[in-house]
Amino acid sequence: MTVGFVLIKVEPGHEFWIYRKLTDVTSVKEVYPLFGEYDFIVKIVAENFEIIGNILSNKIRTISGVKDTETLAEMNTFNVWIKPSYGLHKTFSFNSFYSMGINYTLKHLIWLYC
């Protein structure tokens, strides 16, 4: 299965109606309202990226009141061995995500999670 996260901006006053519409989309597994630049983050789970793209284009962007979207797509999973000096003696799994200019390296992920 492939996972995609979509950040959504909506027209003021349409939040509740769009939230209900998003929860009706079959591949949408989670919807969270946000404060800040975006109004929602949506988790989509599908067989592949093509299906996620179709859901985004045909079911989410066509909802009246949706102004803008930004998609973050799962790229891969890798294991990181945390050095004993950090007090952690096990391997952790992290997913790396890429979104229009945001690409976390292994160094950044270790810094974020330690």
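Against the condition of a type in the set (Gly, Ala, Ser), at pLDDT 70 or above and under 18 Å from the mean Cα position of the chain (by Cα), how does residue 53 come out, does it pass? The answer is yes for residue 53. Beta carbons closer than 6 Å, at least 6 apart along the sequence or on distinct chains, pair a first residue in region 24-49 that is in contact (Cβ under 8 Å) with a residue 24 or more places away in the chain with a second that is outside any loop (DSSP other than H, G, I, E, B) and of a type in the set (Gly, Ala, Ser) for 27/46; 44/4. Remark: residue 33 matches the filter, which requires a residue to be modelled with pLDDT of 90 or more and on the phi < 0 side of the Ramachandran plot.
Evaluating residue 55 against the criteria (1) surrounded by 14 or more Cβ atoms within 10 Å (Cβ to Cβ); (2) without any contact (Cβ under 8 Å) to a residue 40 or more places away in the chain; (3) on the phi > 0 side of the Ramachandran plot leaves one unmet condition, (3). Residue count for region 1-43, restricted to those that are among the small types (Gly, Ala, Ser) and in a strand (DSSP E or B): 1.
The values are calculated or read from the model by the stated rules, or taken from the named source; none is laboratory data. Predicted model, so just to flag it, every value in this text is computed and none were measured. Glycine gets a Cβ as well: all are built from the backbone with ideal geometry, and neighbour counts include every protein chain shown.
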